[in-house]
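Below you'll find the structure, written out as structure tokens, and then a few comments.
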Amino acid sequence: MIRGETSEHWEERFEQFGVPVSKVYFVQELLEHPQVKANGYAVDVEHDLAGPATMVSPAWKMSASPPAAQGASPPLGRDTDAILSSVGYSAEEIEAMRGEGAIR
């Protein structure tokens, strides 16, 4: 019976009788949804390897200190040298670890 009608038909019928209902969207459809756009839930970022990308922004909104997207996730190993250097490893030690396959 359900398959015999469109989603729009059933959404209207359920709403008519006070049944909470909403269409289920694919992720690709959500990016263009008016509510997603109005609330700024999707942001465009630049990824080091993939180039331009769209990602989800922080879902919560705070008036005094609103969170913002910090950027795309880093590719594996992008910050390895900086992190190891910051905890005291020398460039030679880091290169030795890389040569042994311990890091990329």
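Each row is one residue, and each column tells you yes or no for (1) acidic (Asp, Glu); (2) under 30 Å from residue 99 (Cβ atoms); (3) in contact with a His (Cβ under 8 Å, 6 or more places away or on another chain).
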{"residue": "32", "(1), (2), (3)": "yes, no, no"}
{"residue": "35", "(1), (2), (3)": "no, no, no"}
{"residue": "48", "(1), (2), (3)": "yes, yes, no"}
{"residue": "56", "(1), (2), (3)": "no, no, no"}
{"residue": "64", "(1), (2), (3)": "no, no, no"}
{"residue": "80", "(1), (2), (3)": "no, yes, no"}
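Results for (1) within 30 Å of residue 7 (Cα to Cα); (2) among the charged types (D, E, K, R); (3) at pLDDT 90 or above, shown as yes or no for each residue.
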site	(1), (2), (3)
44	no, yes, yes
57	yes, no, no
66	no, no, no
81	no, yes, yes
100	no, yes, yes
Complete set of residues in the stretch 46-104 that are surrounded by 11 or more Cβ atoms within 10 Å (Cβ to Cβ), touching a Gly at 6+ places or on another chain (Cβ under 8 Å) and over 22 Å from residue 31 (Cα atoms): 103
Any residue in the stretch 1-15 that's under 18 Å from residue 25 (Cα atoms): show its pairings with residues that are surrounded by fewer than 12 Cβ atoms within 10 Å (Cβ to Cβ) and modelled with pLDDT under 95 at Cβ separation under 7 Å, as long as the two are six or more apart or on different chains. 7/23; 10/2; 11/23
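The values are calculated or read from the model by the stated rules, or taken from the named source; none is laboratory data. For clarity, every value in this text was computed on a predicted model and none was experimentally measured. With ideal geometry, Cβ positions are generated from the backbone for all residues, glycine too; neighbour counts draw on all protein chains shown.
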